[in-house]
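The values are calculated or read from the model by the stated rules, or taken from the named source; none is laboratory data. In this text, all values refer to a predicted model and were calculated from it rather than measured experimentally. Here Cβ is always computed from backbone atoms with ideal geometry, including for glycine, and neighbour counts include all displayed protein chains.
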Amino acid sequence: MSVVSPPTTERVASFDGTEIAAHHWSGSDGVPLLIVNAIGPDHSAWRQVFGQPERTRPAIGWDYRGLHSSGAPASDRLDAPAHCEDAIAVLEAAGVSDFVIAAWSTGTRVAVEIARTHPERVRGICFVCGGFGSGLLGMLRHLEVAPLFPLGAAIGKHFASALEGPFRAFVSRPEIAGVVRQSGVIGPTADVDSIVEVLQSFAACDLRRLLTIYERVVGSSDPRVLPEVQAPALLVGGGRDRFATSRMMDDMARRLPAAEKVVYEQASHFLPLEYPARLAADMEGWFSDL
């Protein structure tokens with residue numbers, strides 16, 4: 001794996017005046033890659049993927065409004081269409097017309113919004129560990145926990161001020177790496193230090209705002225919009241993923257007009273940190289064929 005240079009960062013004004021932190025990773029050739037990250041962590045989860053020799057195309061990402069290096073929202077817009085417009089503002093500022101997308105986890109909802117509203121610009125999508133719109137019926141029929149998360153966020157945001165400090169203290173403890181490894185949530189191939197960095201970046205956010213964004217984005221995942229996505233899609237899932245299950249991804253693949261699915265049997269929801277080389281190769285192979 002090659003050493004990844006830190007991205008260059010600029011601030012871009014979005015549709016309502018919110019200042020969005022846009023990150024740029026250099027590349028030699030290929031249609032630019034837009035990274036639609038999970039809601040909460042920073043882009044450290046992608047660092048090892050970017051360090052693979054297969055990744056030659058330039059990459060662009062941004063911090064969700066109100067999180068990390070982006071400014072506080074200038075309006076009350078925190079829904080998926082607002083984050084979509086933030087992404088388009090970042091791409092416009094960079095002079096990017098056509099692009100491909102890699103979305104991880106809860107970034108799936110925003111990536112779908114970008115693809116369905118700007119079909120002429122999106123050449124292809126790779127959804128990594130991304131379920132979509134299972135709802136409470138999915139929880140009851142298939143015993144899945146993910147549909148509970150938007151409800152949990154809606155409740156948790158009212159207790160955010162009390163939870164924020166203890167959570168930050170917990171993930172800052174030196175033994176957190178061992179706790180994460182023993183939890184069974186991640187696979188044995190994951191770099192634990194990177195997992196800890198992801199958790200700490202999550203904890204650094206304003207917890208009330210983060211949970212509000214989560215509620216408004218993930219809670220509005222209506223699977224009926226999936227047929228509107230015209231771009232070819234590759235769905236990469238983890239066989240040990242407890243959050244975006246294989247059944248959820250199968251349902252998503254059936255609704256998308258042009259989709260293929262591949263499962264990494266030993267991967268969890270932290271697949272980009274567990275199998276960065278394989279993910280980089282699969283994404284580049286998929287995008288190069290489009």
Taking Asp222 as the residue in question, decide whether it is under 30 Å from Lys157 (Cβ atoms), surrounded by fewer than 17 Cβ atoms within 10 Å (Cβ to Cβ), acidic (Asp, Glu) and modelled with pLDDT of 95 or more.
no
Would you tally the residues in region 66-125 being β-branched (Val, Ile, Thr), within 16 Å of Gly17 (Cα to Cα) and surrounded by fewer than 20 Cβ atoms within 10 Å (Cβ to Cβ)?
1
Which condition number does Asp63 fail, the rest of (1) among the acidic types (Asp, Glu); (2) at pLDDT below 95; (3) touching a strand residue (DSSP E or B) at 6+ places or on another chain (Cβ under 8 Å) being met?
(2)
So, in region 76-102, exactly how many residues are more than 17 Å from Phe149 (Cβ to Cβ), in contact (Cβ under 8 Å) with a residue 24 or more places away in the chain and either in contact with a strand residue (DSSP E or B) (Cβ under 7 Å, 6 or more places away or on another chain) or in a loop (DSSP other than H, G, I, E, B) (or both)?
15
Can you pull out every residue in region 90-117 that is touching a helix residue (DSSP H, G or I) at 6+ places or on another chain (Cβ under 7 Å) and not aliphatic (A, V, I, L, M)?
Phe99, Trp104, Thr106, Arg109, Glu113, Arg116, Thr117
Among the residues of region 1-45, write down those that are of a type outside the set (Gly, Ala, Ser), within 14 Å of Arg55 (Cβ to Cβ), outside any helix (DSSP H, G or I) and without any contact (Cβ under 8 Å) to a residue 40 or more places away in the chain.
Trp25, Asp29
Being among the small types (Gly, Ala, Ser) and in contact with an Asp or Glu (Cβ under 9 Å, 6 or more places away or on another chain) narrows it down to one residue among Ala102, Ala94; which is it?
Ala94
In region 199-232, residue nearest to the chain's Cα centre (by Cα) [restricted to those that are of a type in the set (S, T, N, Q) and in a helix (DSSP H, G or I)]:
Ser201
For region 253-273, check the following and say yes or no: at least one residue is acidic (Asp, Glu), surrounded by 14 or more Cβ atoms within 10 Å (Cβ to Cβ) and either in contact (Cβ under 8 Å) with a residue 12 or more places away in the chain or not in a helix (DSSP H, G or I) (or both).
no
